[in-house]
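Each remark here refers to the structure printed beneath this line.
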Amino acid sequence: MIGLFRENVKVALGSIRTQLLRTVLTIVIIAIGITALVGILTIVTAIDYNMNSSFASMGSNTFNINRYENTTKRSGGNEVEKINPIISYPQAKAFKENYKYPLTNTSVSFTATSTAEVKFENKKTDPEVSVLGVDEIFAQNSGLEIENGRNFTVFDINNNAYVCVIGSDFASKGIFKDTNPIDKIISIRGAKFRVIGVLKEKGSTFGNSQDLRVLIPIQVARSMFSMPNVNYTISTMVDKKEFLNDAVDNATITMRKVRKLNPVEDNDFGISKSEDLANRIAEMTDVLNISAWVMGIITILGSSIALMNIMIVSVTERTREIGVRKALGAKKSTIATQFFIETLTIGQLGGLFGIILGILIGYLICLAAGWLFVIPWQAIIAAVVTSFIVAVVSGSYPALKASKLDPIEALRYE
């Protein structure tokens with residue numbers, strides 16, 4: 001049985017060589033469909049993995065209070081846009097002081113700038129560094145880990161110490177490459193900061209590096225970056241996940257009091273839980289998965305028609321050969337198996353090239369976006385199964401047609 005299969009594979013490869021151009025074009029068509037399928041599934045897998053890793057590090061028991069950028073309400077059939085007011089520092093501070101739900105830790109932070117230039121001795125970065133004003137709870141609530149040095153203390157924050165915690169890019173490939181950054185002095189807008197800690201690598205989210213940032217005490221940041229309409233973010237972590245919903249309800253009541261909303265007014269702020277964001281990402285990736293399958297199936301449908309066509313033409317061109325084989329005693333099943341294996345070989349070659357190209361494209365996109373690449377086993381299995389099904393569907397009719405040829409008529413065929 002194994003010897004017969006090996007012989008059929010040799011015959012199939014010989015047949016492929018005799019009609020090389022047609023076969024190559026068919027393999028390319030199949031490969032394009034598989035590439036589209038595998039490429040998109042690879043990207044979706046990478047997005048899903050990286051985003052879920054980010055949210056997992058934050059923990060499923062964390063929620064943030066921020067303003068919606070805008071919300072819409074319908075009034076009299078017309079859509080009226082409503083811009084929520086910013087969360088000012090006095091409001092954020094008042095919330096932190098008045099929110100007394102047990103087993104919670106609340107931090108207040110804001111992004112001072114995303115275009116800072118950081119200097120160390122005679123080195124300096126490009127003006128693309130994010131500077132965040134934070135408190136001593138920020139790192140814990142944001143799922144950030146200190147890889148080297150220490151985090152801020154209450155003393156650092158309350159005394160407005162000129163100390164900072166830097167992202168991993170500064171130490172691994174930035175101004176502190178080959179230098180221990182701890183206790184070194186950096187300059188931001190002329191102000192001198194002593195480095196007390198280095199964050200563990202976080203990677204990028206949608207092209208934005210999470211490792212090229214500097215954390216400084218919040219009051220120091222407010223004095224250095226006195227911009228109007230600064231929006232502050234409030235982040236709260238609940239020690240026990242089962243209390244999360246009650247903690248959110250309590251936070252909503254507290255924030256409404258801080259914002260001085262009357263009972264009939266809607267909330268003019270938003271509360272988002274990390275698990276809700278993860279669920280939204282999952283919904284997005286589900287849509288992308290469906291899109292990948294739709295695009296892949298449309299292309300693969302075309303490739304299956306092309307593959308069936310080449311095999312029907314092959315049967316016609318090899319009618320006399322089939323007649324000779326039957327005259328020498330070949331059974332219908334033997335003829336059918338031979339043509340079926342030829343189709344299967346072409347389909348699997350197309351699938352193999354498609355998988356390689358799809359993974360390569362996915363890897364390059366992940367590399368460009370700064371995402372961690374994950375081997376898409378689901379996509380690979382889907383591609384193998386899909387190319388096999390294409391070969392089975394496309395090869396069945398030509399194989400059946402070849403096996404039913406009358407040997408006498410086939411020998412007379414010119």
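The values are calculated or read from the model by the stated rules, or taken from the named source; none is laboratory data. Nothing here was measured: the structure is a model prediction, and the numbers come from that model. Note: ideal-geometry Cβ built from the backbone for every residue, glycine included; neighbour counts use all protein chains shown. Calculation scope for accessible area: heavy atoms of the full protein, side chains included, ligands and nucleic acids excluded. Shrake-Rupley method; radii C 1.70, N 1.55, O 1.52, S 1.80 Å.
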TODO: Would you confirm whether any residue within the stretch 177-184 is touching a residue at least 40 places away in the same chain (Cβ under 8 Å) and either among the aliphatic types (A, V, I, L, M) or within 28 Å of Thr236 (Cβ to Cβ) (or both)?
DONE: no
TODO: Would you check which residues across the stretch 162-190 are open to solvent by 20 Å² or more (accessible area, probe 1.4 Å) and either under 16 Å from Ala221 (Cβ atoms) or not in a loop (DSSP other than H, G, I, E, B) (or both) and list them?
DONE: Tyr162, Asp169, Ala171, Ser172, Ile185, Arg189, Gly190
Open item on the list: Please count how many residues of the stretch 253-299 are within 25 Å of the chain's Cα centre (by Cα) and either part of a helix (DSSP H, G or I) or modelled with pLDDT under 85 (or both).
Closed with: 28
Task: Scope the stretch 225-252; condition surrounded by fewer than 17 Cβ atoms within 10 Å (Cβ to Cβ) and either part of a helix (DSSP H, G or I) or aliphatic (A, V, I, L, M) (or both); matching residues - done: Met227, Lys241, Glu242, Phe243, Asn245, Asp246, Asp249, Thr252
Open item on the list: For the stretch 351-367: of the residues being under 14 Å from Val44 (Cα atoms) and touching a residue at least 60 places away in the same chain (Cβ under 8 Å), which is surrounded by the most Cβ atoms within 10 Å (Cβ to Cβ)?
Closed with: Gly358
TODO: Pairs only if they're at least six apart or on different chains, beta carbon under 9 angstrom, first in the stretch 27-46 and more than 10 Å from Ile380 (Cα to Cα), second open to solvent by 20 Å² or more (accessible area, probe 1.4 Å) and not in a helix (DSSP H, G or I); list them, first residue then second.
DONE: Ile43/Trp371; Thr45/Val374; Thr45/Ile375; Ala46/Trp371; Ala46/Leu372; Ala46/Phe373; Ala46/Val374
